[in-house]
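Colleague: This structure is in structure tokens; I'll ask about it shortly.
Any read-out appearing in this document is the output of simple, stated calculations on the displayed coordinates, not a laboratory observation. All of these numbers come straight from a predicted model, not from anything done at the bench. We place every Cβ from the backbone using ideal geometry, glycine too, and count neighbours over all the protein chains shown.
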Amino acid sequence: MQRIGIIGVGEIGRAIVEGLRDGGGDGGGASPDVFLSPRGARTAAELSERFERVDVCAGNQEVVDRSEVVVIAVRRQDHHEALAGLTVPEDRTVVNLTAGVSTDGLRRTLATGAAIVGAIPLPAVRERRSVTVTYPSHPVVDALFGRLGGVLPVADQDAFDVFSALTSTLTAHYAYLSTLTSWATDHGIAPDAADHYVRGLFQSVGRSLGDESRPLHRLAADHETPGGSNERIRTTWFDPSNAAALKKALDGLLDDLR
Ligand SMILES: NC(=O)c1ccc[n+]([C@@H]2O[C@H](COP(=O)([O-])OP(=O)(O)OC[C@H]3O[C@@H](n4cnc5c(N)ncnc54)[C@H](OP(=O)(O)O)[C@@H]3O)[C@@H](O)[C@H]2O)c1
């Protein structure tokens, strides 16, 4: 693939461009030319200034006209305004990143017979460290995300939606860490010290997650002394009813995604 277009140049659009251009190494092939939509003007202008062969187009139709692969990265509420009325020739490949907009819905909006592939990249594509789920599998799209940290093509839409729901749990995790920090400051610890310490604690968790030879339940057991304080917090706070509440929230989200 030589030419990639991005309609909606915000957080994830920027991460894709940065991953393609300076994510480290050449990612296994020459980086494609990039064509950006004019909206998200400040980000688009900054990327175009920073990188060779990254151009800002006059409109969304020009993005489609100049690209082989067109990535749709607008928010759900903006997708109709951004896309209705565009002409998308059948030889284009459209990559749909917009959570909550189905492939069928997008096909109706674009009124095109072009291939449409759903994908769930995360901002870590910037460092080529995020595994991107795709459906349906498509050689060009899978190769694109393969060079941005890896690709996980799934067998059907139901599986895609399950992974999409999983990605929605990240900010709750940050809020959990922030709650730990504020609990410490409630007990007289200086905010800087609490923040620094909690970050360090959980960076070591991040590193141990990289060891895939141990299943997750094993990692929990390995970090816990029987009858000790980690076991106490796990069983008194993250108890079966708390775990069930989390699964219920995910089920509700999954219902909405479908
Ligand atoms: N962020 C993530 O980690 C992530 C991961 C996977 C998928 N996604 C999906 O990707 C989409 C974008 O997320 P985001 O976090 O990148 O949002 P964002 O930072 O708000 O970026 C959305 C961009 O779309 C632009 N836009 C709005 N209307 C447009 C139009 N008519 N034509 C062209 N561009 C238009 C906005 O421009 P203005 O600033 O001018 O309004 C903004 O730059 C969402 O649907 C989200 O579900 C996000």
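Colleague: Could the peptides 239-245, 56-62, 93-99, 2-8 be put in order, highest first, of the mean number of other beta-carbon atoms found within 10 Å of their residues?
Modeller: 2-8, 93-99, 56-62, 239-245
Colleague: Using the Cα gyration tensor of the chain, with a ≥ b ≥ c the square roots of its eigenvalues, what is the shape: rounded (a/c below 1.5), prolate (a/b larger than b/c) or oblate (neither)?
Modeller: Here the chain falls in the prolate category.
Colleague: While we're looking at this one, here's another question. Helix by helix, which DSSP H runs in the chain go 18 Å or more along their axis at the Cα atoms and have an average Kyte-Doolittle hydropathy of -1.0 or more?
Modeller: 170-186, 191-209, 240-257
Colleague: Can you give me the long-range amide H partners of residue 152? Hydrogens built in the peptide plane at 1.01 Å from N, cutoff under 5 Å, separation of 5 or more residues or another chain.
Modeller: Distant-sequence amide H within range of residue 152: 132, 133, 134.
Colleague: For a quick check of your reading of the filter: which GluC sites (Glu not before Pro) in region 187-258 sit in a DSSP loop and have no more than 11 other Cβ atoms within 10 Å?
Modeller: Answer in residue order: 212.
Colleague: Related question: Quick check on the chain: of the DSSP beta bridges with both residues there, what percent are antiparallel, nearest 5%?
Modeller: Roughly 10 percent of the DSSP beta bridges within the chain come out antiparallel.
Colleague: Follow-up question, since we're still on this one. At 0.36 nm per residue, and after removing the present C-alpha to C-alpha distance, how many nm does the segment from residue 3 to residue 247 gain when stretched out fully?
Modeller: Using 0.36 nm per residue and subtracting the Cα-Cα distance, I get 83.7 nm.
Colleague: While we're looking at this one, here's another question. Going 7 Å from the Cα of residue 140 in the Cα-to-Cβ direction, what parts of region 81-125 have a backbone nitrogen less than 18 Å from that spot?
Modeller: 87-97, 107, 110-120
Colleague: Pick from 205, 54, 131 the residue whose mean-square fluctuation is largest in a GNM of the chain, springs joining Cα atoms under 10 Å.
Modeller: Looking only at 205, 54, 131, the biggest GNM fluctuation is shown by 205.
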